[in-house]
Every structure is written in C-alpha cells, then in structure tokens.
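Since the structure comes first, as structure tokens, the remarks are kept for the end.
Nothing in this text is a laboratory measurement; each read-out follows from the coordinates by a stated rule. Since the model is a prediction, treat every value here as computed from it, not as a measurement. Because the Cβ atoms are built from the backbone with ideal geometry, glycine has one as well, and the counts that use them run over all protein chains shown.
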Amino acid sequence: MSKAIRIYETGGPEVMRWEDYDPGQPAAGDALVQHAAVGLNFIDVYHRNGTYPLPALPAIIGMEGAGTVTAVGEGVTEVAAGDRVAYAGVPPGAYAEARLIPAHRLVKVPDAISTQQAAAMMLQGMTARYLLRGCYNVKAGDTILVHAAAGGVGLIVCQWAHHLGATVIGTAGSEEKAALARSHSCHHTILYNQEDFAERTREITGGKGVDVVYDSVGRATFMKSLDCLRPMGMMVAFGQSSGLVPPFDPGLLSAKGSLFLTRPTLMTYTAEREALLEHARDLFEVVGSGAVKIEIQQTYPLSEAARAHQDLEARKTTGSTILLP
C-alpha cells in the first residue's frame with residue numbers, strides 16, 4: 001500500500017498525518033506518477049494552516065514533485081509510461097509516494113537534470129522565470145532588490161538576474177544567509193535585522209532607487225519596499241511569509257512616484273500548457289547551461305514533513321528543500 005501525508009483540518013504542523021493511501025488508477029486525461037522526490041515550498045504552509053483554503057478536506061498538500069509515469073489514462077498524449085516528469089502548481093497532492101495528476105500539467109525532465117534536482121526547482125524556478133520575464137522584464141543595466149535572497153526563489157532570482165546583466169541587491173536575516181546569497185551572484189547584501197534596508201538600498205543606488213522589488217515577505221517589508229523604488233518602478237508582492245499586507249490607500253503608489261504594483265501567482269502565469277512549457281524550457285535552459293545552479297540544501301523523509309514545516313517556518317532552511325518518499 002502506498003502512503004501519503006493527509007490533513008483532516010487546518011492548523012500547525014501537527015495536523016499532518018502519515019497514513020496508507022491508494023491513489024487509484026488514472027482516468028481519462030490523467031497520469032499516475034511514482035514520486036522520487038517532492039518539493040517543499042511556503043505555499044504548502046499556507047494550505048496547511050488555511051491561509052490559502054483548499055477545495056475540500058481531507059486533503060493531500062504539496063504543489064511540486066518529480067518522478068516516473070507508471071500509467072496513463074485514455075486520451076493522454078503529453079506523456080507516456082516510463083517518462084521522467086516533473087510538475088509545479090495546481091492541483092495540490094504532492095505529499096504522497098504516488099499520485100494522480102492531469103497529464104497536461106506534467107513536463108518531461110531533460111537528461112541533464114536529475115529527478116531530485118527537478119523536484120527542487122520547478123516551483124521556485126518557474127516562479128523566478130515569471131518574476132524576471134513576466135512581471136517585469138529584467139535586462140542588462142537594471143538594478144533589482146530581492147527579499148529573502150537566501151531562500152529557494154531568492155537564490156535562483158539572484159543568479160538568473162545576474163545572468164541577464166542586472167545588479168542584484170538582496171536582504172537576508174543573518175551573515176551566513178547573506179554569504180550564501182553573495183555566493184549565488186547577489187552583488188550587495190543587506191542584513192535587515194541590523195540595517196534599514198530602504199536607506200541602504202538608496203545608498204547603494206546613489207539615491208535613484210531600484211527598478212523592481214521582489215517581495216515574498218509581506219507585512220514586515222512591504223511599505224519600506226515601496227521606498228526602495230525609483231519613480232514608476234515595479235513592486236512585485238508574491239508572498240507573505242511574515243503575514244498578510246494590511247489594506248492601504250492606492251493613492252500611496254502615486255505619492256511615492258507613480259509606482260506599479262502586482263500580486264502574481266505561478267498558477268496564472270502557467271495556466272495554459274504552452275505557457276507552462278515555455279517557463280519550463282527557459283528554466284531548464286539556464287540550469288542546463290550552468291547559469292543557474294540548483295543546490296538542494298536540505299532533505300527530509302516525506303514521513304517527517306511536519307519537521308520540515310517547522311524548520312521552514314522558523315527560517316532554519318536556505319535554498320531548495322526536498323522530501324523523499
């Protein structure tokens with residue numbers, strides 16, 4: 001019998017149960033995937049604690065995984081049994097040894113990418129792709145600010161933006177995390193616990209401000225992030241690890257320099273299959289070329305997902321983390 005992590009109610013890490021689970025056989029349009037690894041992401045915490053409500057309970061959380069297709073349903077043309085595949089995004093259900101998933105959400109993993117590497121990079125890497133090429137088209141000569149620069153998305157954004165010719169400023173919570181960000185192409189690091197990151201960003205840019213801010217932290221950083229932007233700069237709020245951003249008067253964007261604000265999601269940017277494949281192709285290209293290195297910093301048994309969540313929420317993790325069935 002296969003096993004999975006299921007939740008019957010929302011709450012802390014203790015609501016996750018490791019139990020027997022039969023995924024069944026694929027219906028028309030579906031594929032059955034045997035996981036080799038599952039990605040750990042902050043959106044999993046939001047689903048577990050109810051910040052982002054799930055369609056129904058009980059449920060299996062998890063938005064990213066990689067493995068091998070073992071069976072396909074009628075009409076499936078995207079993948080075949082034996083294919084090495086990866087995915088990121090809806091529907092949730094990755095915290096399982098095996099799962100059913102719509103075949104159109106799967107992408108084939110190139111030979112140059114290991115299965116564990118694929119599980120560690122799809123959600124964070126395709127997020128980095130839409131941040132850098134969708135929300136704001138980063139180009140040579142731009143200056144960007146990345147919060148949580150030593151996190152999974154942060155390390156990828158730092159490297160990819162550097163590859164595109166941008167100057168990268170990153171915030172971090174410790175010197176160890178700042179050093180990790182610098183070793184991944186972050187040009188300037190700011191310890192947000194010791195420095196006013198808005199003032200320091202202005203100093204680094206000679207008072208001009210940055211072209212774009214990428215903020216996954218939310219409540220603790222949002223308002224000061226606006227002060228880091230040049231006139232008509234872009235604020236990209238794509239997470240809220242410190243809590244939800246309180247409501248504010250949009251006139252503030254005008255007062256601070258006719259700023260732009262977007263709150264994107266990977267699910268919107270990859271809703272159509274061609275967009276999904278485009279994001280994956282670009283990601284595989286920069287990783288395959290060596291421009292972006294995906295390093296798995298932590299691994300946990302899938303059965304110990306609760307411990308992984310505790311470490312993630314306590315900011316004890318850096319870079320990419322995977323759960324091993």
**Request:** May I ask you to derive the relative contact order of the range 1-159, considering only C-alpha pairs under 8 Å and at least 6 residues apart, and to give it as an integer percent?
**Result:** 24
**Prompt:** Which value in deg cm²/dmol, rounded to the nearest 500, describes the helix-derived mean residue ellipticity at 222 nm for the chain, given -39,500 (n - 2.57) per DSSP H run of n ≥ 4 and division by the residue count?
**Reply:** -8000 deg cm²/dmol
**Asked** By how many nm would the segment from M223 to W18 lengthen if fully extended, with 0.36 nm per residue of separation less the alpha-carbon distance?
**Response** 69.8 nm
**Fill in**
Sparse-neighbourhood loop hits (trypsin sites (Lys or Arg not before Pro), the range 95-139; DSSP loop; Cβ within 10 Å at most 16 others) -> K139
**Item:** Rel. contact order, % - alpha carbon contacts under 8 angstrom, at least six apart, the chain
**Value:** 18
**Asked** Percent antiparallel among DSSP beta bridges with both residues in the chain, to the nearest 5?
**Response** 55
**Asked** If you take the beta carbon distance between M267 and A28 as r and set R0 to 30 Å, what does 1/(1 + (r/R0)^6) give as a FRET efficiency, to the nearest 0.05?
**Response** 0.85
**Request:** Pick out, in residue order, every one of the GluC sites (Glu not before Pro) in the range 272-325 that is DSSP loop and has at most 16 other C-beta atoms within 10 Å; say none if there are none.
**Result:** E272, E295
**Request:** Give me the distance between the Cα centres of the range 287-325 and the range 74-114, rounded to whole Å.
**Result:** 20
**Request:** State the extension gain, in nm to one decimal, for the chain segment bounded by L57 and E175, taking 0.36 nm per residue of separation less the distance between their alpha-carbons.
**Result:** 38.4 nm
**Asked** About its Cα centre, what dipole magnitude does the chain give when the only charges are +1 on Lys and Arg Cβ and -1 on Asp and Glu Cβ, stated in debye to the nearest 20?
**Response** 560
**Complete:** Highest GNM mean-square fluctuation among A255, A220, A120, for the chain with Cα springs under 10 Å, belongs to A255
**Request:** Just grab the label-to-label distance for V90 and A314, each label 7 Å out from Cα along the Cβ direction, in nm (one decimal).
**Result:** 3.4
**Message:** I need the chymotrypsin sites (Phe, Trp or Tyr not before Pro) found in the range 1-104, filtered to DSSP loop residues with at most 14 other beta carbons within 10 Å of theirs.
**Reply:** Y8
**Fill in**
Restricting to Cα pairs under 8 Å and 6 or more apart, the percent relative contact order of the range 140-263 works out to 21
**Prompt:** Distance from the Cα centre of the range 2-18 to that of the range 241-262, in angstrom?
**Reply:** 35
**Message:** Calculate the FRET efficiency for E9 and K139 from the Cβ-Cβ distance with a Förster distance of 51 Å, rounded to the nearest 0.05.
**Reply:** 0.60
**Prompt:** Spin-label point model (7 Å from Cα, Cβ direction): what's the E274 to A80 distance in nm?
**Reply:** 2.5
**Message:** Within the chain, count lysine pairs with alpha carbon atoms under 29 angstrom apart where the residues are 8 or more positions apart or belong to different chains.
**Reply:** 18
**Message:** Testing the spin-label approximation: label points 7 Å from Cα along Cα→Cβ at F248 and E199. State their distance in nm.
**Reply:** 1.9
**Prompt:** If the label point is 7 Å along Cα→Cβ of L324, which residues in the range 26-46 have backbone nitrogen under 20 Å from it?
**Reply:** 34-41
**Complete:** Counting only Cβ distances under 4.7 Å between cysteines, those in the chain with no partner are C135, C228
